[in-house]
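Have a look at the structure below, then the notes.
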Amino acid sequence: MRTNIDPLTLENLAQNLAATLTPDAHLAVANGWTTVRPIPRTVGGVAEFFSPPYAAKAFRLELGFRDGTRLLPDDGNTGKGDCGILYAGGTWQPDHISRKGTYHQYRNGALISYGVCSELFPLYGQAGFVLRIEVENRGRVTRTLTLEPRIEPGRPAFCDLDDWGYAIPADGTDCRPRADGIWTNGTVELRLHAEDLTLVIPPGEKRTARLACTLVKPGEMPLPGNLADWIEATRQRWRRVLDAAAENLPRIASGVPGLEAYYRRSLLSGLLCLWDKPAFACQPFLSVCSLDGGGFCGYPWDSGGYAPNVNTMLLGERMADFARVMSRSGLDQHMRFSLTGKGRDVYYAYNTFSFFSLLRSLQCFGYLKDPALIQTGCDLLAAEERNAGSEGVLLDYGQQCNLLEMRGAGWEHFTVSPNAERAWCLEVAAALCERHGLAAPVGKWRAQAVEIRKQIQQRLWDPRRQWFRCLYPDGHAELVYSVQVFDALRAGCCTEAMQAALCAQVREGAFLGTYGVSSVSAEDRRHYEQNDPDWSGGGSYTGDGPILALTLWEQGRPALAWDVLQRHFWMGRHLLYYPQEHYCDRPAVAAHKRANICSGTVGGEAILFGLCGLRPHLSGALNILPGHLPAAEVHLENFRFRGRTVDLRLAPRRSEFRVDGKTVHAGPPAAEPVGLV
């Protein structure tokens, strides 16, 4: 069995920007305190940056390089001739973006040749960034080069933490100069800090300059220290995060092309959503997005509903702290919560399932020690019955604003999901109350779950179309071929015949594209459209393809599950982090949506708990039943579960499982789950 698989590091998470399909609008770098964007195709240009409560809206920094009387611009010029500093590529890694450029001209018998490299770091502990510029003189005589930053201070804002949401914050007001290197609009103050902007460079040598910009309240001062110290603070923060990830998250190695990269960048997508600010509701705060300045808030749907196991492994007991913030946010009324934990926007129908998914993971991994969290879940179940319209045991979950936010009528009111998940939640609630000795009508809940499943099969299943329909209170019915229907499989609401009918739709030209899954089947002519891949087709929300694969593994359809998951492996090779959504018929991202999403960790969830077959239980037991494996092997190392360490070696014809270094299974792949802990 292979050992010592490399953990996540800054270096193995680096990616050549020339190979990325991440859109320019999504390119950013963050450190749990500040996120900052470069100006595309420039060597040293910097665009907006965000560090709640500060938002540097419409900010822009451009560099000029003055050689004697000649100014060499760095503006991304794509014309011909002498256009100044020419962008020559770059590298993204979690703590900074490095870029390089070249200037090479021969004029009047003299060679003027510079190599320019920059490193853009978000600031940790304060709002702002540092830009480190290194210039090499490739000519034959000593030259003096002066960096000239040109700043457009823009319209920075100081936004209350409760006002940050899914959209990028609104603009503040225009800034005016107050003093040399200081601009203010009366609400915030922008400051420029510079070190060694004039460089005297002998032939063949390099010299370094640094500059930074910070946002503070008027009259406040930035943190002390030189700019190199500020850079080191960011590096140290990322080392802490990656050290914790190495301790808490399993490592994967495989000969399957693209699998390792897809897994690593899936985990990275979660790490990029961790924010450390003391003023936030908990530390770390798992933000739904944030890299582009939008999505600075918490969504139960993403943090609890999609990848609860990976998030729980990552944060351990601190995930219970986040669950407490979630529980106090008004889950029966609001779809999300602010950075301070206050509920925002309308009720979302999937909140109860998302919360119980998180509770189940906390229980499985041994971190559910607060009975109040279980009581919150029970209260949510009761609130659904009070607040939702009903016919028998089925609930009316409202309109599109409460459900999938499609752009046409259909997925509304009496839907299979989340009615199916409600049955699952009732059973989980009963099991948790029994295990923790809480008084609850567990018998009634289990009977309700049985009746809900029965009513779903009888009232929502269309036997002619072999699909679930959505019913409106006035009797109108719609068949929406939405990927959300497959959640009925996970919730145990389908007969074997229904399972077969649903899975028959997981095919090329319907739900499958070459590069992923369509949220609505391309064969659904009423609801399929390509302007909004999120819930309407042509692609999907980033978590939905891997969730479908995980569901198929759980249903004992490993070959189909593998077919679904491997279509996403291009993302690990060509995306820096996983976005809100992506297309499925081409390897591309919806640039007008959010740049990153915490549910990008679902890729790891599918690999660990689907392909590798890890199956934790509420009792604290763990067993394994690996899914379909391709020709190559898959090695898993350092899966931590209730104080034990599990390592796996999986191959098409042989598997080996170890617990704390001792072999508990070695031989042909097991037909039944093997108990490990």
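Values for this structure:
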quantity	calculated
Qualifying residue in the stretch 250-272 (condition: within 18 Å of the chain's Cα centre (by Cα) and on the phi > 0 side of the Ramachandran plot)	no
Every residue from the stretch 281-320 that is out of contact with any Pro (no Cβ under 9 Å at 6 or more places or on another chain), farther than 29 Å from A157 by Cβ and outside any loop (DSSP other than H, G, I, E, B)	G304, G305, P308, V310, N311, T312, L314, E317, A320
Filter pass, G377 being touching a His at 6+ places or on another chain (Cβ under 6 Å) and either assigned to a helix (DSSP H, G or I) or touching a residue at least 60 places away in the same chain (Cβ under 8 Å) (or both)	no
Some residue of the stretch 432-439 being at pLDDT 95 or above and closer than 16 Å to V393 by Cβ	no
Count of the stretch 344-383 residues which are farther than 21 Å from M319 by Cα and touching a Pro at 6+ places or on another chain (Cβ under 9 Å)	2
Identity of the residue in the stretch 50-80, touching a Ser or Thr at 6+ places or on another chain (Cβ under 6 Å) and surrounded by 24 or more Cβ atoms within 10 Å (Cβ to Cβ), that ends up farthest from W275 (Cα to Cα)	D74
Residue match in the stretch 153-167 (condition: in contact with a Leu (Cβ under 9 Å, 6 or more places away or on another chain), aromatic (F, W, Y) and part of a loop (DSSP other than H, G, I, E, B))	yes
Given (1) surrounded by 20 or more Cβ atoms within 10 Å (Cβ to Cβ); (2) outside any loop (DSSP other than H, G, I, E, B), number of the condition N596 does not satisfy	(2)
Residue match in the stretch 540-557 (condition: more than 25 Å from G600 (Cβ to Cβ) and either of a type outside the set (A, V, I, L, M) or surrounded by fewer than 16 Cβ atoms within 10 Å (Cβ to Cβ) (or both))	yes
Candidates A209, A194, A245, A228 - the one that is in a helix (DSSP H, G or I) and within 30 Å of V141 (Cβ to Cβ)	A228
Conditions (1) assigned to a loop (DSSP other than H, G, I, E, B); (2) surrounded by fewer than 15 Cβ atoms within 10 Å (Cβ to Cβ); (3) touching a residue at least 40 places away in the same chain (Cβ under 8 Å); number of the one not met by L404	(2)
Of residues in the stretch 250-278 being touching a Leu at 6+ places or on another chain (Cβ under 6 Å) and assigned to a loop (DSSP other than H, G, I, E, B), the one surrounded by the fewest Cβ atoms within 10 Å (Cβ to Cβ)	P250
Considering residues of the stretch 449-502 that are over 22 Å from L426 (Cα atoms) and among the small types (G, A, S) only, the residue surrounded by the most Cβ atoms within 10 Å (Cβ to Cβ)	S482
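Conditions (1) buried (at least 17 other Cβ atoms within 10 Å of the Cβ); (2) within 34 Å of the chain's Cα centre (by Cα); (3) of a type in the set (A, V, I, L, M, F, W, C); (4) at pLDDT below 95, marked per residue:
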position: L131; (1), (2), (3), (4): yes, yes, yes, no
position: T146; (1), (2), (3), (4): no, no, no, no
position: E152; (1), (2), (3), (4): no, yes, no, no
position: D162; (1), (2), (3), (4): no, yes, no, no
position: A179; (1), (2), (3), (4): no, no, yes, yes
position: W183; (1), (2), (3), (4): yes, no, yes, no
position: E189; (1), (2), (3), (4): yes, yes, no, no
position: T198; (1), (2), (3), (4): no, no, no, no
position: I201; (1), (2), (3), (4): yes, no, yes, no
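Conditions (1) surrounded by 24 or more Cβ atoms within 10 Å (Cβ to Cβ); (2) more than 16 Å from the chain's Cα centre (by Cα), marked per residue:
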{"site": "F280", "(1), (2)": "no, yes"}
{"site": "P284", "(1), (2)": "no, no"}
{"site": "S290", "(1), (2)": "yes, no"}
{"site": "G294", "(1), (2)": "no, no"}
{"site": "M313", "(1), (2)": "yes, no"}
{"site": "E317", "(1), (2)": "no, yes"}
{"site": "M326", "(1), (2)": "yes, yes"}
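The values are calculated or read from the model by the stated rules, or taken from the named source; none is laboratory data. Keep in mind that this is a model prediction, so the values were computed, not measured. As a convention, Cβ positions derive from the backbone with ideal geometry for all residues, glycine included, and neighbour counts pool all protein chains shown.
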